[in-house]
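Report on the following structure.
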Amino acid sequence: MTGKRMTPDGVAARLWSGMTLGIGGWGSRRKPMALVRAVLRSPVRDLTVVSCGGPDVGMLAAAGRIRRLISPFVTLDSIPLEPHYRAARERGALALTEYDEAMFLWGLRAAAHRLPFLPVRAGLGSDVLRINPELRTVRSPYEDGEEFTAVPALRLDAALVHVNRADRRGNGQYLGPDPYFDDLFCAAADSAYLSCEALVDGFADAVPQTLLIPRHTVTGVVEAPGGAHFTSCAPDHGRDEPFQALYAATPWDEFAGRFLGGGSETAYRRAVADWHEETDP
């Protein structure tokens, strides 16, 4: 077994400007932030990002790396509006394709199954079709004749996801309350990179339902304890709410200069620890 182990910067080195990049997790939950920070340290830009957005989208948007975002929402959960993403949208820094959550899910499913589209009832009778005039509808060829939204496949050049446990071959396990769409992101991508809280030798005692991601959909594995910070990765750790509040309230250049300017994930963690030591009683 040769394994697929990589570093965050090694993953970023395989990405390229102009690509379509999927990012797993949900809002400010189980985001592959160590990999996102590696992308920010790289020259990659002009991205089409597909994400149930949180600070991954906020940081990449603030840094000017996103050309188009495809997403049902962008939120920090406990802070409803992601402020750095909002600022980027308000200044016209990126284009947005906004889908209903069910449409987003079906777009990933279509890509995972290598289908050009899938029909779904979501979107009909709403402004989703109005603000996305490129979308089409299809009619059932059977007796019912029902009309559906034809959601195009969300094909990804690469995907980044974070889980609780993984092995060296790329099998991924989640231990929290929700799988989100991480398995579909991996299946929808030409290459997928999986970071994890801990690398394990196997899953002999695992509950089968927790084995979310199969190795054949994964290109590389990164062991990154705390790699979802400052988002949550239950049950390993919760969201770092004080640090998230700092992120949300701090101008991007100031935040990036203090916490992302060290040039490595180790420097980021040291800066975060120093900040907590300064501010925590």
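As a test, work out the antiparallel percent of DSSP beta bridges whose residues both lie in the chain, rounded to the nearest 5.
Numbers: 14 of 45 bridges.
Percent antiparallel among DSSP bridges in the chain is about 30.
The local environment of R270, defined by Cβ-Cβ distances under 12 Å, has a net charge of -1 under the rule Lys, Arg +1 and Asp, Glu -1.
Where in the chain is the longest stretch that carries no trypsin sites (Lys or Arg not before Pro) classed as loop by DSSP and with at most 10 other Cβ atoms within 10 Å?
Numbers: sites that count: R91, R114.
Answer from the scan: 115-281.
For W16, the accessible surface of its heavy atoms amounts to roughly 120 Å² (probe 1.4 Å, protein chains only, rounded to the nearest 10). Rolling a 1.4 angstrom probe over the chain with all protein chains present gives an accessible area of which 52% lies on carbon and sulfur atoms.
Per-residue ellipticity at 222 nm computed for the chain from its helices equals -8500 deg cm²/dmol, with DSSP H segments shorter than 4 residues left out and the rest contributing -39,500 (n - 2.57).
Taking 8 Å as the Cα distance limit and 6 or more residues as the minimum spacing, I'd like the relative contact order of the chain as a percentage. Don't skip to the end; give the middle numbers.
Numbers: 611 pairs, mean separation 55.6, N = 281.
Rounded, it is 20 percent for the chain.
Cα centroid separation, the range 89-109 to the range 257-281: 32 Å.
The relative contact order of the range 147-281 comes to 22 percent, based on Cα pairs under 8 Å that sit 6 or more residues apart. Sites counted here are GluC sites (Glu not before Pro) in a DSSP loop (not H, G, I, E or B) having no more than 14 other Cβ atoms within 10 Å; the longest part of the chain that contains none of them is 147-281. Per residue, the accessible area of the range 194-281 comes to 50 Å², computed with a 1.4 Å probe over protein heavy atoms only. Here r is the Cβ-Cβ distance between I131 and D178 and R0 is 22 Å; the resulting FRET efficiency, rounded to 0.05, is 0.20.
Hydropathy first: keep DSSP H helices in the chain averaging at least -1.0 on Kyte-Doolittle, then drop any whose Cα extent along the axis falls short of 15 Å, and list what survives. Once both thresholds are applied, what remains is 101-112.
Counting only protein heavy atoms and using a 1.4 Å probe, the accessible area of D205 comes to about 150 Å². If you sort the three axes of the alpha carbon gyration tensor as a ≥ b ≥ c, you get a/c of 1.5 or more for the chain and a/b no higher than b/c, which makes it oblate. Inter-part distance, the range 1-62 to the range 136-181, computed on C-alpha centroids, equals 18 Å.
The values are calculated or read from the model by the stated rules, or taken from the named source; none is laboratory data. Only a predicted model underlies this, so the values are computations on that prediction, with no experimental measurement involved. As a convention, Cβ positions derive from the backbone with ideal geometry for all residues, glycine included, and neighbour counts pool all protein chains shown. Side chains are part of the model used for accessible areas, which takes the heavy atoms of the whole protein and leaves out ligands, DNA and RNA. Shrake-Rupley method; radii C 1.70, N 1.55, O 1.52, S 1.80 Å.
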